[in-house]
1. Restricting the search to region B:13-37, which residues are of a type in the set (A, V, I, L, M, F, W, C) and either at the interface with chain A (Cβ under 9 Å from one of its Cβ atoms) or within 18 Å of the chain's Cα centre (by Cα) (or both)?
2. Within the set of pairs 6 or more residues apart or between chains, which connect a residue that is touching a residue at least 60 places away in the same chain (Cβ under 8 Å) inside region A:160-176 to a residue that is buried (at least 22 other Cβ atoms within 10 Å of the Cβ) and among the polar types (S, T, N, Q) with Cβ atoms less than 7 Å apart?
3. Please state which of the following conditions B:Leu37 fails to meet, knowing it meets all the rest: (1) in a helix (DSSP H, G or I); (2) hydrophobic (A, V, I, L, M, F, W, C); (3) buried (at least 19 other Cβ atoms within 10 Å of the Cβ).
4. Would you pick out the residues in region A:170-189 that are among the small types (Gly, Ala, Ser) and either in contact with a strand residue (DSSP E or B) (Cβ under 7 Å, 6 or more places away or on another chain) or facing chain B (nearest Cβ under 7 Å) (or both)?
5. Residues to consider are A:Ala192, A:Ala210; find the one that is assigned to a helix (DSSP H, G or I) and at the interface with chain B (Cβ under 9 Å from one of its Cβ atoms).
6. Working only within region A:125-143, note down all residues that are modelled with pLDDT of 90 or more and within 7 Å of chain B (Cβ to nearest Cβ).
7. Check B:Leu59, B:Leu65, B:Leu48 and return the single one that is within 7 Å of chain A (Cβ to nearest Cβ) and assigned to a loop (DSSP other than H, G, I, E, B).
8. Would you call B:Lys22 in contact (Cβ under 8 Å) with a residue 40 or more places away in the chain, in a helix (DSSP H, G or I) and surrounded by fewer than 21 Cβ atoms within 10 Å (Cβ to Cβ)?
Amino acid sequence: MTALWTHLHDNPLTWLTLTLVVYQAAHWLWRRAGMMPLLNPVLLSIAALSAILTVAGVDYARYFSGAQFIHFLLGPATVALAIPLYKQLNRLRQSALALLVGLLAGSVAAILASLGLGWLLGASHQTIMSLAPKSVTSPIAMGIADQIGGLPSLTAVLVILTGITGAVGGGWLMDRLRITDERARGVAMGTAAHGIGTARALQMGEVTGAFSGLAMGLNGLATALLTPILVRWLMQ
Amino acid sequence: MSILGSITVLLACQLAGETIAKLFALPVPGPVIGMALLFVALVLRRGLPAELDKSAGFLLSHLSLLFIPAGTGVVVHAQLIAAEWLPISTALLLGTAITIAVTGLTMAALLKLRRGAKS
């Protein structure tokens, strides 16, 4: 029995398979619960895997020796975001100016709010830098965090929590602020809450979803360019 | 273009992006430059190969799976998050609300302005 456990523990395939099984189980549960935002499959999977690793006494490096094969796909997936962006080229042209100004304002607001609130409430330098890119999709956010002195793995968790926050409260907040234009609602969701916000926006409607997906891609680019500049400027 | 071809295109764009980022010491992650390169290539080409669309669609439909290995790294940082829960939770809730409000209000105002100018 011990020999079997040792074999399973040492084999990276165990951790790769476990990740896939846990994710699909979480996805199934989330769909069964009517896609309840709080049962977000990413959040559930991470909670379940963390619990399993802690209880079984498996360290993260061992787990990652198998899970890294999934992690590797983040790179090509980021490149693939060019395709939904390209498909929206015509819509993009029609309201390009309003979209770009709104997106840039939101992008700067997201970065400054993270840096400012983190600093005001006494977070460590590393935590503040991990918070800064939390509104954009995680492959991009993790790259930015790595570059400005944050922790990419901490950023990945913060990105997911930000997405859930936006998906749960975004519609409510925009109703209160009387933001009724579907395009503006979509861009706000995608800018603030990346893919998880876009999934919610798609439920609100086709136009809202399309603009959210577009904003998510563009804000990834804007945040990657603006964060290092804003951080350097504020550090002076 | 085959599935193998589409995967090669995606990886080649990433490699080109990472090389450009390294060569010019750019403050942008390599895969993001790869995304911009592919976008420009598609605009110049004026068309999206069906197989590339399919492969990218498969990859993006499972996008959330891809951040689980890194997200599970939270086990390493559990104590850090517990120690700094106040700034972290405030930045999450208030920061996200501010971003939604600023983006939505700015864009809605500009769209209204343009409609006003037209009529």
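1. Hits for region B:13-37 are B:Cys13, B:Leu15, B:Ala16, B:Ala21, B:Leu26, B:Val28, B:Val32, B:Ile33, B:Met35, B:Ala36, B:Leu37.
2. A:Ile164/A:Asn40
3. (3)
4. Residues of region A:170-189 among the small types (Gly, Ala, Ser): A:170-171, A:184, A:186, A:188.
A:Gly170, A:Ala184, A:Ala188 - these are the residues of region A:170-189 that are among the small types (Gly, Ala, Ser) and either in contact with a strand residue (DSSP E or B) (Cβ under 7 Å, 6 or more places away or on another chain) or facing chain B (nearest Cβ under 7 Å) (or both).
5. Working: A:Ala210 fails: at the interface with chain B (Cβ under 9 Å from one of its Cβ atoms).
On inspection, the qualifying residue turns out to be A:Ala192.
6. Step one: filter region A:125-143 for residues modelled with pLDDT of 90 or more, giving A:125-136, A:141.
Across region A:125-143, the qualifying residues are A:Thr127, A:Leu131, A:Ser135.
7. On the way: B:Leu59 fails: assigned to a loop (DSSP other than H, G, I, E, B); B:Leu65 fails: assigned to a loop (DSSP other than H, G, I, E, B).
Every option except B:Leu48 fails the conditions.
8. On the way: in contact (Cβ under 8 Å) with a residue 40 or more places away in the chain: no; in a helix (DSSP H, G or I): yes; surrounded by fewer than 21 Cβ atoms within 10 Å (Cβ to Cβ): yes.
No.
The values are calculated or read from the model by the stated rules, or taken from the named source; none is laboratory data. Treat the numbers as computed from the prediction; the structure is a model and nothing was measured. With ideal geometry, Cβ positions are generated from the backbone for all residues, glycine too; neighbour counts draw on all protein chains shown.
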